[in-house]
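K.L.:
I have a structure here, written as C-alpha cells, and I will follow up with some questions on it.
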Amino acid sequence: MTHPAPSPPYAPHDPYRARARAPLSKAGIPRSARSLAILFTALATLGFFVGVGFWGAAFASATHGTARPEEGLLTIGGALLCVSVLLCYGQVFAGLYWVYKAWDWLPPEQRYTRHWRSWIPPAQAALFLLIPYFQYYWMFLISCGLCDALDRMRVMYPTGGTSSKGLAIAAGVCQLVVPFPIGAILWTIFMSKCERMMQEMSDASARMPYAA
C-alpha cells in the first residue's frame, strides 16, 4: 500500500515547513561511515572463508573414514567463524551509521517517500532497520526512497549519473537470500554510489550563489 507523498506548501505544524534554500553540506557524508562498513565487511568475509578453509582442511585430513578430523584445525576454523559473526554485527552497526548520515545529509524537505505516510527523520531511517521482520520492508523503503530523493535533487544539482535504484533492489533481494557476503557487498557498492552523487551535489551547491 502506498501513501501520498508530502508536497509544498507545508502545513503550519509540519516540522519541515518550507524554508529558504541553503547550500548543501560541503563535506557530503563523512568518509568514516563508508570506511567502517567496508572494513567490517572485508574482515568478516576474510574470516568466513579462512574459517571454512580450516574446516575443509580438517575433514580432508581424515582418510577413508578411519581417522577423525584434525581437532586443532576444527577449533581454529570454528573460532574464525565466530569472529566473523561478531564482525557482521559490526558491519550492521556501521551500516546503520551510514544510513543515518545519508538521510541527515538530505535537505529536510526531501526526507520522504511515497511508500510512507510521514516524514522520515535520519534516526528513524536507521533505527527502524533494527525492528525484527519489519526491517525486510524498511530496507527497501529507505534505499529506494534515498534514490528518489537524489533524483529529485538532480534537477537543482546536476550529477554525472542517476541513482542506482536497480542496484538498491538487487542488494535488498540478496540481503534476503544471501545476506553475507553478497548482500553486504552489493549494499556497500550501492551506498558508495549514492555517496558519490551526494558529493557531486555538494560541489555543485558550493558553486551556486545564495541570498544572504
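K.L.:
Out of curiosity, is V85 open to solvent by 60 Å² or more (accessible area, probe 1.4 Å) and part of a helix (DSSP H, G or I)?
P.N.:
Answer is yes for this residue.
K.L.:
Is it the case that segment 70-80 has a residue that's at pLDDT 90 or above and either closer than 26 Å to V173 by Cα or of a type in the set (D, E, K, R) (or both)?
P.N.:
So far as segment 70-80 goes, no, none of its residues is at pLDDT 90 or above and either closer than 26 Å to V173 by Cα or of a type in the set (D, E, K, R) (or both).
K.L.:
Can I ask one more? Filter segment 170-212 down to the residues that are over 25 Å from F48 (Cβ atoms) and touching a Phe, Trp or Tyr at 6+ places or on another chain (Cβ under 7 Å) and list them by number.
P.N.:
If the condition is that a residue be over 25 Å from F48 (Cβ atoms) and touching a Phe, Trp or Tyr at 6+ places or on another chain (Cβ under 7 Å), then M198, M201, A204, S205 are the ones that fit.
K.L.:
Shifting gears a bit: Could you figure out which of (1) at pLDDT below 90; (2) of a type in the set (F, W, Y); (3) buried (at least 19 other Cβ atoms within 10 Å of the Cβ) isn't true of F59?
P.N.:
(3)
K.L.:
Pull up segment 190-212, narrow it to residues that are hydroxyl-bearing (S, T, Y) and either within 15 Å of the chain's Cα centre (by Cα) or in a helix (DSSP H, G or I) (or both), then point me to the one that is surrounded by the fewest Cβ atoms within 10 Å (Cβ to Cβ).
P.N.:
Taking the candidates together, the pick is S192.
The values are calculated or read from the model by the stated rules, or taken from the named source; none is laboratory data. This is a predicted model, so every value here is computed, not measured. Please note: Cβ atoms are built from the backbone with ideal geometry, for glycine as well, and neighbour counts cover all protein chains shown. Accessible surface is based on the protein model in full, side chains and every heavy atom, while ligands, DNA and RNA are left aside. Shrake-Rupley method; radii C 1.70, N 1.55, O 1.52, S 1.80 Å.
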